[in-house]
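*Asks:* The structure under discussion is supplied below as structure tokens; questions concerning it will follow.
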Amino acid sequence: MGYKEKWYHNSYFRSFCFNWNNPVYKKIYDWLGSENILVDVGCGSGEFLLLSADKINLGYGLELSNQLILQSQRKLPQTLKEKIFFLQTDFLNWQQKAEIDTLTLIFVLHEIEPKLRIQVMHKALDLAKSVIVADYVTPQPFNPAGMFNYLAELLTPKDHFRNFRHFQHQHWLNSYIKENNLQVMKEEKILSGSYHLLKISQR
Ligand SMILES: C[S@@+](CC[C@H](N)C(=O)[O-])C[C@H]1O[C@@H](n2cnc3c(N)ncnc32)[C@H](O)[C@@H]1O
């Protein structure tokens, strides 16, 4: 098991993010229409897709970590096995021919290397009619929520933290949207202005 798998698999991380009451998941759920195909990239242990099952016809959860995919598959009720599929794969190598309605990237971009981050966003926008991103506001607000997030990231492995800092310093999401002239369909900042939610598409 690589360091990443160990990190995402530990209970410390899960206790913060993988939570049914997560207000980020709830907000994104509200933004979904009736989706034919939804793809959740970096699905972790699958909660968001499971929560959204009633709004989708077909859902794919893609995740690098085999451990997290096994956890997701264990949680998948029999009744959803025909429409939700959890796959252990690198999104950048994933082949998909059918058009995706919505692709979600929830707390994924800040932690990946800058070069891969661009590739992931380009591919997401090429494959899907719209992409919903939830990640940190940049810079993080100077309030308890912002300080808490910064501290939580400080405790992550060195390269994870380096990627987070790059994401912060470059105001990465806003810059990417501007540089690529993307259309912002919905935008909201929640949790004391510390999380940024965006629904975007190519023009
Ligand atoms: C911070 S976790 C977030 C998990 C989940 N989206 C959530 O809401 O809690 C980011 C996840 O993205 C996954 N990930 C990063 N790059 C990926 C890629 N290229 N393909 C698939 N999964 C990826 C990591 O393995 C990790 O589990």
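*Asks:* Across the stretch 144-203, what is the total count of residues that are closer than 21 Å to residue 29 by Cβ and in contact with a His (Cβ under 7 Å, 6 or more places away or on another chain)?
*Replies:* Count: 2.
*Asks:* Give me a count of the residues in the stretch 1-59 that are within 13 Å of the ligand (Cβ to nearest atom), modelled with pLDDT of 90 or more and assigned to a helix (DSSP H, G or I).
*Replies:* 12
*Asks:* Out of the residues in the stretch 100-112 that are out of contact with any helix residue (DSSP H, G or I) (no Cβ under 7 Å at 6 or more places or on another chain) and of a type outside the set (Asp, Glu), which is farthest from the ligand (Cβ to nearest atom)? Give the steps one after another, and end with the answer.
*Replies:* Keep residues of the stretch 100-112 that are out of contact with any helix residue (DSSP H, G or I) (no Cβ under 7 Å at 6 or more places or on another chain), which gives 101-102, 108.
Within this subset, residues satisfying the condition of being of a type outside the set (Asp, Glu) are 102, 108.
Working: 102: 14, 108: 4 Å.
Selected residue: 102.
*Asks:* Any chance the stretch 116-128 includes a residue that's of a type in the set (Asp, Glu) and either modelled with pLDDT under 95 or under 17 Å from residue 38 (Cβ atoms) (or both)? I'd like the intermediate steps shown before the answer.
*Replies:* Step one: list which residues in the stretch 116-128 are of a type in the set (Asp, Glu), which gives 126.
Filter again for either modelled with pLDDT under 95 or under 17 Å from residue 38 (Cβ atoms) (or both), leaving 126.
Yes, there is a match, as at least one residue in the stretch 116-128 is of a type in the set (Asp, Glu) and either modelled with pLDDT under 95 or under 17 Å from residue 38 (Cβ atoms) (or both).
*Asks:* Could you please find all residues in the stretch 143-160 being within 22 Å of residue 190 (Cα to Cα) and surrounded by 14 or more Cβ atoms within 10 Å (Cβ to Cβ)? Spell out the reasoning first.
*Replies:* So the first thing to find is which residues in the stretch 143-160 are within 22 Å of residue 190 (Cα to Cα), and the list is 143-154.
145, 146, 148, 149, 150, 152, 153 - these are the residues of the stretch 143-160 that are within 22 Å of residue 190 (Cα to Cα) and surrounded by 14 or more Cβ atoms within 10 Å (Cβ to Cβ).
*Asks:* So, one more: Could you check, for the stretch 113-131, whether at least one of its residues is within 15 Å of the ligand (Cβ to nearest atom), over 14 Å from the mean Cα position of the chain (by Cα), exposed (fewer than 14 other Cβ atoms within 10 Å of the Cβ) and basic (Lys, Arg)?
*Replies:* yes
*Asks:* What residue, among those in the stretch 64-99 that are of a type in the set (Val, Ile, Thr) and surrounded by fewer than 20 Cβ atoms within 10 Å (Cβ to Cβ), is nearest to the ligand (Cβ to nearest atom)? Spell out how you get there, then give the answer.
*Replies:* Restricting attention to the stretch 64-99, the residues satisfying the condition of being of a type in the set (Val, Ile, Thr) are 69, 79, 84, 89.
Add one more test, that the residue is surrounded by fewer than 20 Cβ atoms within 10 Å (Cβ to Cβ), and what stays is 79, 89.
Working: 79: 23, 89: 7 Å.
Applying the filter and picking the extreme gives 89.
*Asks:* Further question: Pick from the stretch 100-112 the residues that are buried (at least 21 other Cβ atoms within 10 Å of the Cβ) and part of a strand (DSSP E or B): which of them is farthest from the chain's Cα centre (by Cα)?
*Replies:* Among those that are buried (at least 21 other Cβ atoms within 10 Å of the Cβ) and part of a strand (DSSP E or B), it is 102.
The values are calculated or read from the model by the stated rules, or taken from the named source; none is laboratory data. If you're wondering where the values come from, they're calculated on a predicted model, not measured in any experiment. No Cβ is skipped: glycine too gets one built from the backbone with ideal geometry, and neighbour counts run over all protein chains shown.
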